[in-house]
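Note sheet for the following structure.
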Amino acid sequence: MEYWEYKADGGLILQTDPCHRYKNRSRCTKPSIPVFQYSIIPPPLAAGSRHSRLALTWPRGPGFLRPNKLQGGDRRSIGRVDEVVDQVLRSVSLFKVLVKGLQVDDPLIRMRSADAVEKITRVKPDLLNSHKKVIIRLAGQSDQQEVRWHMAQILPRLSLTPGERQTIVDTLYVYLNDKSKIVVTFALQALADLAAADKQLQPDVMRLLQEFIETGSPAIKNRGRKLLAKLKASPPI
């Protein structure tokens with residue numbers, strides 16, 4: 001039995017409990033699977049539903065992620081992202097919720113949504129297809145370093161037209177000027193990944209990698225050497 005309960009902060013949370021009070025408790029047995037809490041999805045809104053009245057108090061728009069498993073703590077913590085990743089992999093229709101999370105005002109939700117999207121699309125990159133335009137736009141607009149380094153990992157997984165590829169390359173070149181060395185490193189990796197699949201990009205990306213090998217920090221120099229060697233060894237396209 002699934003049912004909605006109010007939380008202390010006024011939010012809602014969906015509980016799954018086969019022994020809920022609406023059933024005959026005498027016929028209930030201890031569940032053999034864990035009870036999951038789906039706190040990043042809104043309540044049912046179907047007309048006539050006994051829960052439809054709850055929709056009147058649920059925030060609309062991107063803010064409907066609140067309260068959820070992606071809030072709390074600070075930027076040094078990923079919160080409960082791994083729980084969210086597991087949940088979305090079980091129910092991929094929730095992926096769009098994370099894309100909305102990339103657009104909220106709360107920087108913690110943005111960074112953790114980006115983290116979750118990156119981890120999910122390692123396994124299911126096809127989930128990005130219907131959100132491609134939004135992802136490309138947000139990658140170009142974001143100046144938050146945690147979002148940028150996840151976007152740099154995500155962007156090469158998109159199926160791109162030549163125009164979209166050029167837009168992404170321009171965005172990644174902007175990332176190379178970020179003060180975060182993590183952003184710079186992932187941007188170089190993304191450019192190398194794109195160049196491996198696009199012969200026209202290879203000369204420029206190879207020159208770029210050589211520049212960073214000569215002028216970058218020790219970590220970036222090391223990454224640049226590995227990326228350049230791999231790119232040179234890649235078979236002709």
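Things worth noting here:
- Rounded if a/c under 1.5, otherwise prolate or oblate - segment 160-237, Cα gyration tensor axes: oblate
- Legend: calculated FRET efficiency, A219 to R122, from the Cβ-Cβ distance at R0 = 25 Å, rounded to 0.05, equals 0.65.
- Cα gyration tensor shape for segment 112-178, rounded if a/c is under 1.5, else prolate or oblate: oblate
- Set K199/K232; K179/K221; K96/K119; K133/K179 screened for pairs whose C-alpha atoms are more than 18 Å apart: K133/K179
- Between K96 and K179, the FRET efficiency estimated from the beta carbon spacing at R0 = 45 angstrom works out to 0.90.
- Efficiency of FRET between D143 and K232 - r from beta-carbon atoms, R0 25 angstrom, step 0.05: 0.15
Any read-out appearing in this document is the output of simple, stated calculations on the displayed coordinates, not a laboratory observation. A quick note: this is a predicted structure, and the numbers were derived from the prediction, not measured. No Cβ is skipped: glycine too gets one built from the backbone with ideal geometry, and neighbour counts run over all protein chains shown.
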